[in-house]
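For reference, the structure is listed below as structure tokens.
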Amino acid sequence: MTKANNFQRIRELNYLQQAVLAAALIERMLPNYGLFSEATGFGDETTLRSALNVCWEKILLPKSKIDLEKQIEKIEPNVPELADFDMFGTYPAIDAATALLGLMHGLIAQNDSEFVSISKISQATVARFIEYQLTVEGVVADNKTVREHPLMQYEIEVLSEMIDFVEQMGRVTSQSVKELKQHAIADGQTNIGLAL
């Protein structure tokens, strides 16, 4: 029997498991934003970082009076406009911010479909990065080339391992969340292979 694909497996997780998985994926995406911010002087990674920390807290303490709407208001001005920057790094930065906003909207609405789309955003970032790299090298990037690229294979593998981890962790506790966070960044790189 072949393993269900990652997105299908994510849909089968419960709400909290999907939320922690989404937050862990953003841990891998957020440093892309930091690198963009450093290069351009636009945006404040610490605002996004603290918003992600607040999300982790909300996941662990669902009853807490954390105001995610206020966090969203802080993040929105930090989302770069594609037209304002002539560099590839704008895409992963936008994706990281969009994924984070998605996580917060999902937590506010208690809607897990937002969480599934975060794994898709992460994969799309990787696909776009591969296309960009191949174009620079003068290679035509079709779906097959992108899908079979080692970086995409690795992204799929990491996601699969993180789903395994979440499936096995049982209850979502501060300890299991700490382990998941460590697991997410254990390889020392972002989802597009940049060193943390």
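The values are calculated or read from the model by the stated rules, or taken from the named source; none is laboratory data. Because the structure is a prediction, the values reported are computed rather than measured. Reconstructed Cβ throughout: ideal geometry from the backbone, glycine too, with neighbour counts over all protein chains shown. Heavy atoms of the whole protein, side chains included, go into the accessibility calculation; ligands, DNA and RNA do not. Shrake-Rupley method; radii C 1.70, N 1.55, O 1.52, S 1.80 Å.
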- Task: Inspect the stretch 30-50 for any residue being free of Cβ contacts under 8 Å to residues at least 40 places away in the same chain, among the basic types (K, R) and over 21 Å from H183 (Cβ atoms) and give the result as yes or no.
- Result: no
- Message: Quick check on this structure: which one of L151, L196 is within 14 Å of N32 (Cβ to Cβ) and at pLDDT below 95?
- Response: L196
- Note on the stretch 173-187: residues among the β-branched types (V, I, T) and open to solvent by less than 20 Å² (accessible area, probe 1.4 Å) are V177
- Task: Name the one entry in V146, V172 that is of a type in the set (V, I, T), in contact (Cβ under 8 Å) with a residue 12 or more places away in the chain and in contact with an Asp or Glu (Cβ under 8 Å, 6 or more places away or on another chain).
- Result: V146
- Give the residue, chosen from V166, V158, V177, that is of a type in the set (V, I, T), more than 30 Å from E131 (Cβ to Cβ), out of contact with any His (no Cβ under 7 Å at 6 or more places or on another chain) and in contact (Cβ under 8 Å) with a residue 40 or more places away in the chain. V177
- Item | Out of T190, T98, sole residue that is open to solvent by less than 10 Å² (accessible area, probe 1.4 Å), at pLDDT 95 or above and of a type in the set (S, T, Y) | T190
- Item | Residue check, D44 more than 30 Å from R171 (Cα to Cα) and open to solvent by 70 Å² or more (accessible area, probe 1.4 Å) | no
- Item | Filter pass, L61 being hydrophobic (A, V, I, L, M, F, W, C), open to solvent by 70 Å² or more (accessible area, probe 1.4 Å) and either more than 29 Å from V166 (Cα to Cα) or touching a residue at least 60 places away in the same chain (Cβ under 8 Å) (or both) | no
- Verdict on V79 being open to solvent by 30 Å² or more (accessible area, probe 1.4 Å), among the hydrophobic types (A, V, I, L, M, F, W, C) and modelled with pLDDT under 95: no
- From the set of residues in the stretch 1-36 that are more than 22 Å from S113 (Cα to Cα) and under 17 Å from the mean Cα position of the chain (by Cα), which is surrounded by the most Cβ atoms within 10 Å (Cβ to Cβ)? Y33
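This table checks each residue for (1) surrounded by fewer than 17 Cβ atoms within 10 Å (Cβ to Cβ); (2) not polar (S, T, N, Q).
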| position | (1), (2) |
| --- | --- |
| G106 | no, yes |
| I121 | no, yes |
| T125 | no, no |
| V140 | yes, yes |
| M152 | no, yes |
| V166 | no, yes |
| R171 | yes, yes |
